[in-house]
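**Student:** What follows is a single structure, and I will ask about it in a moment.
The values are calculated or read from the model by the stated rules, or taken from the named source; none is laboratory data. It should be emphasised that the depicted structure is a prediction, and the values quoted were computed from it without experimental measurement. No Cβ is skipped: glycine too gets one built from the backbone with ideal geometry, and neighbour counts run over all protein chains shown. What goes into the accessible areas is simple: the full protein's heavy atoms, side chains included, and nothing from ligands, DNA or RNA. Shrake-Rupley method; radii C 1.70, N 1.55, O 1.52, S 1.80 Å.
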Amino acid sequence: MKLILASNSPRRRQILSQLNYEYVAIPAVGEEYTNAANCLDTVKELACRKALEVYKANPDAVVVGCDTIVDLDGKALGKPADCADAVNMLTLLSGRSHYVHTGVCVMSKYAVYIFAETSAVLFNTLSAERIKRYVESGSPMDKAGAYGIQDSGFVAEIKGSYENVMGFPADRIDSVLRRFKF
């Protein structure tokens with residue numbers, strides 16, 4: 001059975017490769033929209049939309065779809081629309097705690113597994129200059145909440161899965177994939 005990652009995220013590809021799975025990456029291209037009432041429901045719904053889109057074209061495969069949101073006081077922070085949006089998000093997060101939710105949908109003709117993983121993150125206090133330099137690097141533009149835990153140096157403390165903050169809760173995904181005898 002073929003394993004497909006419904007994502008083009010280099011971080012998700014890196015983590016899945018580190019778990020020693022052979023897979024192909026076929027990113028979902030559909031529009032991301034939802035009417036979900038909260039951040040957890042949002043990430044699960046969007047992960048399922050991505051998995052389903054790719055599964056429809058590959059019904060004999062196991063497809064993994066993911067979506068990640070930064071949750072600041074119940075407000076979802078996705079990928080920034082532009083540099084000004086990235087600066088605004090990082091300014092809001094500076095010196096504060098937030099949650100990172102990643103929704104996962106593993107879909108096959110035999111079973112569907114849907115879950116969300118949550119990690120709590122505390123940010124250091126950031127100067128306007130540090131935020132500006134990071135945004136100018138281009139790094140925040142493809143990341144929920146406009147930061148990468150692996151490259152920003154902004155995180156003072158994390159409670160939960162480090163990989164989840166990167167957008168791929170490795171332990172839980174590995175546990176589900178082992179059920180398919182990969």
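**Student:** As a test of the formula, what do you get for the chain when each DSSP H run with n ≥ 4 contributes -39,500 (n - 2.57) and the sum is divided by the residue count, at 222 nm and rounded to the nearest 500 deg cm²/dmol?
**Tutor:** Computed mean residue ellipticity for the chain: -10000 deg cm²/dmol.
**Student:** Let me ask something else about it. Taking 0.36 nm per residue of sequence separation and subtracting the Cα-Cα distance, how much length would be gained by fully extending the chain between residue 88 and residue 162, in nm to one decimal? Mind dumping the intermediate values first?
**Tutor:** On the way: separation 74, 0.36 × 74 = 26.64 nm, distance 2.38 nm.
The span from residue 88 to residue 162 would gain 24.3 nm if fully extended.
**Student:** Would you mind putting 160-173, 131-144 in packing order, based on average other-beta-carbon counts within 10 Å, highest first? Please report the intermediate quantities before stating the final value.
**Tutor:** Numbers: 160-173: 21.4, 131-144: 17.3.
Packing order, densest peptide first, comes out as 160-173, 131-144.
**Student:** Within straight cross-link reach of residue 143, meaning Cα distance under 27 Å, which lysines are found once same-chain residues fewer than 8 apart are removed?
**Tutor:** Here the lysines satisfying the reach criterion relative to residue 143 are 44, 50, 56, 75, 79, 132, 159.
**Student:** Based on the Cβ-Cβ distance from residue 58 to residue 132, what FRET efficiency comes out when R0 is 45 Å, to the nearest 0.05? Please list the in-between numbers first.
**Tutor:** Values: r = 43 Å, r/R0 = 0.95.
With R0 = 45 Å, the Cβ-Cβ based efficiency is 0.60.
**Student:** In straight Cα distance, which aspartates and glutamates are under 14 Å from residue 181, not counting same-chain residues fewer than 8 positions off?
**Tutor:** List returned: 22.
**Student:** Roughly how many whole Å is it from the C-alpha centroid of the stretch 135-153 to that of the stretch 12-32?
**Tutor:** Their Cα centres are 20 Å away from one another.
**Student:** Oh, and also: What does a probe at residue 139 reach in the stretch 90-124, counting residues whose amide N is under 20 Å from the point 7 Å along Cα→Cβ?
**Tutor:** So the set is 90-101, 120-124.
**Student:** In addition: What does the extension gain come out to for residue 24 and residue 150, with contour length at 0.36 nm per residue minus their alpha carbon separation?
**Tutor:** Values: separation 126, 0.36 × 126 = 45.36 nm, distance 2.35 nm.
Between residue 24 and residue 150, full extension yields an extra 43.0 nm.
**Student:** With springs only between Cα atoms under 10 Å, which of 43, 104, 112 fluctuates most in a Gaussian network model of the chain?
**Tutor:** Among 43, 104, 112, the largest GNM mean-square fluctuation belongs to 112.
**Student:** At a probe radius of 1.4 Å, what is the per-residue accessible area of residue 26, in Å² to the nearest 10?
**Tutor:** In the full protein context, residue 26 sits at about 60 Å².
**Student:** Between residue 124 and residue 73, how high is the FRET efficiency from 1/(1 + (r/R0)^6) when r is the Cβ-Cβ distance and R₀ = 25 Å? Nearest 0.05. Don't skip to the answer; put the middle values down first.
**Tutor:** Numbers: r = 18 Å, r/R0 = 0.74.
The calculated FRET efficiency here is 0.85.
**Student:** Quick one: which of 33-42, 77-86 comes out on top by average Cβ neighbours within 10 Å, and what's the full order, highest first?
**Tutor:** On the way: 33-42: 14.1, 77-86: 16.9.
Put in order of decreasing packing, that is 77-86, 33-42.
**Student:** Here is a further query. Gain in length, residue 181 to residue 17, computed as 0.36 nm per residue apart minus the alpha-carbon separation, to one decimal in nm?
**Tutor:** Values: separation 164, 0.36 × 164 = 59.04 nm, distance 1.65 nm.
Answer, rounded to one decimal: 57.4 nm.
**Student:** Let me ask another. As a test of the definition: which semi-axes, in Å, follow for the stretch 69-140 when you take the square root of five times each eigenvalue of its alpha carbon gyration tensor? Largest first, please. Write down the numbers at each step before the final one.
**Tutor:** Working: eigenvalues 178, 42, 17 Å².
Equivalent ellipsoid semi-axes, largest first: 30, 15, 9 Å.
**Student:** Here's a follow-up. Return the Rg/Rh ratio of the chain with Cα-based radii and a Kirkwood Rh.
**Tutor:** Values: Rg = 16.2 Å, Rh = 16.6 Å.
Answer for the chain: 0.98.
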